[in-house]
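This report refers to the structure that appears directly beneath it.
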């Protein structure tokens, strides 16, 4: 019945004491501390009520509607509590059971919502509720009909991929028979992903992926579907709710931007200061060495998709760098790391320094370190940092980083691809600035060129990303979804300009946006 | 029987967050505050986890009172 993900091992463990503290939590800080742990569905339900009663939460508020074809009443409180873990103060407006079509056609329900979750189920989508003679086209048409009602809805819409039950009609052949339930569900899910890819406000909750991670046979509970129309086993609720909460948080730019990596026993086995360059365990032919390589591979892949990498190590800087420069098995190179900090100071201070040098908030950091003492120190001194819990087996580190939700994303833009190099260039600029004789000399030496354009269709995701992620420098603090940005570009009564900056260190990408309304002309 | 009733009482206290709840073999769901259909699911799952048993579809909602529940638990534990 239980999946190995039931304990959510990238979070701190649950114990009777932890559960009691979670249930007694009344303040924002107490709730955040409790949510660092993997909590049960019952714990989350109680926390959700307390969250609703908080009057002074510093977390960003969000109001979202939830309508589903199965029972959503267990998902709702788990989602509210899990959202709080991802720094979102979620207010859910629940539709009555099985009322998706009524909900999308109800302007009264939709008024004031930032977004709407339509919780789909294969058993309730025409065309998919058959083991043979299934047709994904009918199901897609049903979803398109739902979306047609939502054309005037200004918020985001979350749709989920669906799962077949653990009842293969043929066995292995289900995958090969077109019009089998399994094939048609896969086709429906692919169509859904395509719909979401082409839209600036449709977001995909990959429930099929979540169920697969959990284990499909454990995900489904036929008894509880028959008894209470529960879409999946309540044991999977804390995990599923956390995955959906991460999506909601990333929708408003709350995902982390930077992964800070420890070195010893994280990126390689052993302690380089003691074991020397030749003594660290890294590389092919050695099980632990392969495991550490996989950690490096994940970090490199994260950098390729726009996550900034930093190093924070208790080591002599030269010794730490020697691995990056000389060890033949190192996958990560020095230039993959936007900010490299190796010294003997405490890691909380170093993390603050890393955030400062990268010019991002401390709350944009996620931290991976094999040492529980270091993790504990950072949790205590810098609660804004997301500390990923791990055990002592590096083979599991990549999964913990990935499932932590730290780097959940709703878009993948050109600027994301080149982010590490642009942050590294920033660190170069900072070094240059420190050695320049005056600010004006420094600025002149950069040879900056600013290119100004009206909004182009291809820039819409980046423009929306900038508007939603900027805080201090969003002067009106208005947030616009991609959909709204695309519409702004079409309006003749509005001025819309985007600015790209280049200097001798490289491109900074699209860094500024102006939107204005023409109210009249001066003579 | 009473030992099992006490264990079920602990579980109910935990799931329903009612530290002072007292039940007997005659208690039904209707007698207990906040034991609605959603809480019932949480309770049955907690009982399954605690005793390492599994209720059938019919048993999940077909039990008359705590005494009946305990009888079913005991039967499952003895097989």
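For region A:231-273, what are the residues that are out of contact with any strand residue (DSSP E or B) (no Cβ under 8 Å at 6 or more places or on another chain) and under 30 Å from residue B:48 (Cβ atoms)?
A:232, A:233, A:234, A:235, A:236, A:237, A:238, A:239, A:240, A:241, A:242, A:246
Which residue pairs have Cβ atoms under 7 Å apart, sit 6 or more places apart or on different chains, and have a first residue in region B:45-57 that is at the interface with another protein chain (Cβ under 8 Å from one of its Cβ atoms) and modelled with pLDDT of 90 or more and a second that is in a loop (DSSP other than H, G, I, E, B) and surrounded by fewer than 14 Cβ atoms within 10 Å (Cβ to Cβ)?
Going by the 7 Å Cβ cut-off, the qualifying pairs are B:48/B:54.
Let me spell it out: the conditions are (1) within 27 Å of residue A:71 (Cβ to Cβ); (2) in a loop (DSSP other than H, G, I, E, B); (3) away from every other protein chain (no Cβ under 14 Å), and residue A:177 meets all of them except one. Which number is the exception?
(1)
What are the residues in region A:73-98 that are at pLDDT 95 or above, buried (at least 22 other Cβ atoms within 10 Å of the Cβ) and more than 17 Å from residue A:22 (Cα to Cα), if any?
At the first step, the residues of region A:73-98 found to be at pLDDT 95 or above are A:75-95.
In the following step, the residues that additionally are buried (at least 22 other Cβ atoms within 10 Å of the Cβ) were identified as A:75, A:77-86, A:88, A:90.
A:75, A:88, A:90, listed by residue number.
Does residue A:354 satisfy the condition of being assigned to a helix (DSSP H, G or I) and either out of contact with any helix residue (DSSP H, G or I) (no Cβ under 7 Å at 6 or more places or on another chain) or touching a residue at least 60 places away in the same chain (Cβ under 8 Å) (or both)?
yes
Kindly list the number of the only condition in (1) surrounded by fewer than 19 Cβ atoms within 10 Å (Cβ to Cβ); (2) within 17 Å of residue A:199 (Cβ to Cβ) that fails for residue A:114.
That leaves (1) as the condition not met.
Quick one: which of A:13, A:6, A:76 is within 12 Å of chain B (Cβ to nearest Cβ) and in contact with a strand residue (DSSP E or B) (Cβ under 7 Å, 6 or more places away or on another chain)?
On the way: A:13 fails: within 12 Å of chain B (Cβ to nearest Cβ); A:6 fails: in contact with a strand residue (DSSP E or B) (Cβ under 7 Å, 6 or more places away or on another chain).
When all the criteria are applied, what remains is A:76.
Just give me the residues in region A:201-242 being farther than 23 Å from residue A:399 by Cβ, within 26 Å of the chain's Cα centre (by Cα) and either more than 13 Å from chain B (Cβ to nearest Cβ) or surrounded by fewer than 21 Cβ atoms within 10 Å (Cβ to Cβ) (or both), in sequence order.
Within region A:201-242, A:201, A:202, A:203 meet the criteria.
If I filter region B:21-44 down to residues being over 11 Å from the mean Cα position of the chain (by Cα) and within 8 Å of chain A (Cβ to nearest Cβ), which single residue comes out as surrounded by the most Cβ atoms within 10 Å (Cβ to Cβ)?
B:38
For residue A:190, state whether it is within 14 Å of chain B (Cβ to nearest Cβ) and surrounded by fewer than 19 Cβ atoms within 10 Å (Cβ to Cβ).
No.
Looking at region A:341-353 only, could you name the residues that are surrounded by fewer than 18 Cβ atoms within 10 Å (Cβ to Cβ) and either over 27 Å from residue A:379 (Cα atoms) or touching a strand residue (DSSP E or B) at 6+ places or on another chain (Cβ under 8 Å) (or both)?
Matches in region A:341-353: A:343, A:344, A:353.
The values are calculated or read from the model by the stated rules, or taken from the named source; none is laboratory data. Treat the numbers as computed from the prediction; the structure is a model and nothing was measured. Here Cβ is always computed from backbone atoms with ideal geometry, including for glycine, and neighbour counts include all displayed protein chains.
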